[in-house]
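Bear in mind that the values in this text are calculations on the coordinates, not laboratory data. Because the structure is predicted, anything quoted here is derived from the model rather than measured. In this analysis, Cβ positions are derived from the backbone assuming ideal geometry, glycine residues included, and neighbour counts consider all displayed protein chains.
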Amino acid sequence: MKKTLLMLMGSVLLIAGCSTVPLTGRKQVNLVSDAQLIPQSAANYNEVVKQGPLSTNRQQSEMVQRAGRRISAAVEQYFQERGQSQVLEGFVWEFNLIDEDTPNAWCMPGGKVAFYTGILPFTQDEAGIAVVMGHEIAHAVARHSNERISHQMLQQGGGYLLSMFSQKTDYHEAIMQAYGIGSQIGAILPYSREHESEADRMGLVFMAMAGYNPEAAVGFWQRMGAAGGEKPPEFLSTHPADETRVRKLREHMPEALAHYRP
Ligand SMILES: [Zn+2]
């Protein structure tokens, strides 16, 4: 009886919690509201930035900030032109470069971006930073974290579903897990191949609109892929850089180049 009820609740939620990914049009399940996830992410982000340490290299920090400003402006323009500005509701952009020798970068729900200095040898220049910036911002715009957390909730089943009705669920740990932050937490929630491919495609369009040549993406992912052997960084465990990826990037290149405004 109880199980049937939970299954019923589950299917109601699945219907209620479905949305469509902008640009690609894919249907996705989103069980957590932005109103819950975005403020929690902002709190987590503030913790990360406070712990830092932030990079003291002004030139590098400014490059990350500039790529972030240009790409977020392009994203805003993209949705404004299509009458879909509600996609960015609740977004308050922030870009920080953290002084840590790990090749990583992410964008939390709501537009909170962190780059780690360890990724700069792979990005090499501002166009390379724009590749990663566009890709990570695309994950946030496409609500991939929400989807990952939703899938995890469905796997964990009834308890989570019930607690959702209280609206008091604490997503702190789920968010930290999604970005591999915090040492006590186990596995990072992986992005699926589908998410990666989607973020690549959207990211290329956004960087191109911001005036960065999207063809820089191929070189970046090839450099990342070459690094996989020595010390597979966290970034690669969630972002496999292989031939399939590069092939798909090339497939999406004409679409991105149509948006390129040098
Ligand atoms: Zn990704």
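DSSP beta bridges in the range 32-257, what fraction antiparallel, as a percent rounded to 5? Before the final figure, lay out the partial values.
Values: 5 of 10 bridges.
Within the range 32-257, antiparallel bridges account for around 50 percent of the total.
Take every Cα pair under 8 Å in the range 48-133 that's 6+ residues apart, average their separations, divide by the length, and report that relative contact order as a whole percent.
30
Find the relative contact order for the range 90-134 and round it to a whole percent, using C-alpha pairs within less than 8 Å whose residues are 6+ positions apart.
Working: 69 pairs, mean separation 15.5, N = 45.
Over the range 90-134, the number comes to 34 percent.
For the pair residue 257 and residue 243, how long in nm is the line joining their label points, each one 7 Å along Cα→Cβ?
2.3
Ratio of Rg to Rh for the range 32-257, alpha carbon only, Kirkwood? Each step should come with its number before you reach the end.
Numbers: Rg = 16.9 Å, Rh = 17.8 Å.
When Rh is taken as the Kirkwood radius, the ratio is 0.95.
For the ranges 58-67, 123-132, what's the packing order if you count other beta-carbon atoms within 10 Å of each residue, average per peptide, and put the highest first?
Highest-to-lowest ranking by the protection proxy: 123-132, 58-67.
Suppose R0 equals 22 Å. What FRET efficiency, 1/(1 + (r/R0)^6) with r the Cβ-Cβ distance, do residue 218 and residue 73 give to the nearest 0.05?
Numbers: r = 24 Å, r/R0 = 1.11.
Efficiency for this residue pair is about 0.35.
Among 33, 55, which comes first, then next, by fewest other beta-carbon atoms within 10 Å?
Ascending number of Cβ neighbours within 10 Å: 33, 55.
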